[in-house]
Amino acid sequence: MQHERRRLGFWSHHCLAAGLVWLLLLMVRLFGVDPGAGAGYIILMTFLQIAVGYPLLTAGAELSLRVFPSRWPLVLRLAAGCVLAAPVVAACTLTATWIAGVPPPHLQLGDDRAALYAHILRIYPRVTFALSIAATLFWMMNNYHWYEARLLGAPAGNRRARAPAQALAALRADAGAPPLFLEKLPPHKRGDLWAVSAERHYLRVYTHRGDDLILMRFSDALDELRRASGLQIHRSHWVSAKGVSGLETLDDRLHVVLKNGAKLPVSRPNTSAVRAALSAEALAALQAEAAGPAPGETAPADP
């Protein structure tokens with residue numbers, strides 16, 4: 001199920017995640033809340049808390065992705081956003097359930113607004129601390145892998161290294177129609193696709209006419225490149241043999257050198273596959289295949 005959820009869009013994923021959290025919390029409360037509280041009371045109270053709290057936590061996580069440095073690990077940025085949103089979640093969920101007349105049974109919030117806010121001030125530190133731990137944990141369990149796949153281009157399945165034979169097959173794939181995201185480039189930059197690199201929420205697209213940034217997730221670009229003749233060399237980089245001039249080792253790490261001089265790092269698990277697929281001999285063979293039979297030769301007839 002996690003595999004399928006990582007392919008969902010932003011709104012569909014978060015609606016599904018919020019629904020799962022609501023069902024889980026509801027089942028826990030139906031068997032753990034004051035027996036005097038009716039099922040309808042518990043259902044409505046839990047729904048309001050998730051309907052108010054989940055979007056606020058998500059907003060905090062989204063804001064943290066834009067505020068905190070991209071060099072920080074993704075898990076740290078997302079968790080920090082949820083923790084920082086916890087004080088707002090505490091105040092808003094208590095207020096919403098009080099207005100609806102379904103506050104948590106163990107909290108006596110009073111009959112008027114003054115009593116409500118007086119009580120919130122008394123319990124605020126405790127509720128905020130509990131939410132910063134429990135709510136952050138629930139949110140991260142439901143969302144981290146989706147964000148990892150969407151923002152870092154992590155494979156939806158396992159993350160084992162690509163075998164050399166698979167890499168060669170990917171470079172020989174039938175390219176078919178060019179990816180649609182090329183239309184987002186300025187007209188004078190469109191051309192043969194050389195490489196694609198993730199830069200935060202943008203993509204740097206390299207063609208034989210230059211490079212430019214477009215607003216797009218790397219994972220969405222990979223979906224369009226699924227049948228293209230190219231190879232993902234890193235969680236943030238994809239290359240086509242058309243744009244590769246060679247390989248180079250820098251600081252004990254393999255890099256793919258494009259024909260325009262740009263150097264893209266290769267992840268260590270993919271090093272052997274990339275060496276085999278993009279070596280000088282392999283590139284020459286691929287270029288010969290792309291060029292077709294030499295003059296005077298006849299292409300083999302189809303059986």
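Taking K and R as +1 and D and E as -1, what net charge do the other residues with C-beta under 10 Å from the C-beta of PRO178 add up to? Write out the running numbers ahead of the final one.
Values: positive: ARG190; negative: GLU183, ASP192, GLU224.
Value of the local net charge: -2.
The alpha-carbon of LYS259 sits under 21 angstrom from the alpha-carbons of these lysines, leaving out residues fewer than 8 places away in its chain: LYS189, LYS242.
Please give the FRET efficiency for ALA114 paired with ALA51, using the beta carbon to beta carbon distance and R0 = 30 Å, rounded to the nearest 0.05.
Details: r = 26 Å, r/R0 = 0.86.
Efficiency computed from Cβ-Cβ geometry: 0.70.
Coupling constants for the range 15-29 follow from the phi torsions by the Karplus curve (6.51 cos²θ - 1.76 cosθ + 1.60, θ = phi - 60°), and in residue order they are 5, 5, 4, 5, x, 5, 5, 4, 5, 5, 5, 5, 5, 5, 6 Hz; glycine and proline get x. Near the amide H of LEU254, within less than 5 Å, lie the amide hydrogens of VAL266, all on another chain or at least 5 residues away, with H placed in the peptide plane.
Amide H contacts of GLY246 (H built 1.01 Å from N, in plane; Pro and chain starts excluded): VAL257 sit under 5 Å, all sequence-distant by 5 or more or on other chains.
Full extension of the chain between LEU16 and ARG122 gives 34.7 nm of extra length, using 0.36 nm per residue less the Cα-Cα distance. One decimal place: the segment HIS201-GLU183 gains 4.7 nm when fully extended, by the rule 0.36 nm per residue minus the C-alpha distance.
Extending 7 Å from the Cα toward the beta-carbon at both ALA134 and LYS263 defines two label points whose distance is 5.2 nm.
Only the coordinates and a few stated rules stand behind these numbers; no lab work does. In this text, all values refer to a predicted model and were calculated from it rather than measured experimentally. Here Cβ is always computed from backbone atoms with ideal geometry, including for glycine, and neighbour counts include all displayed protein chains.
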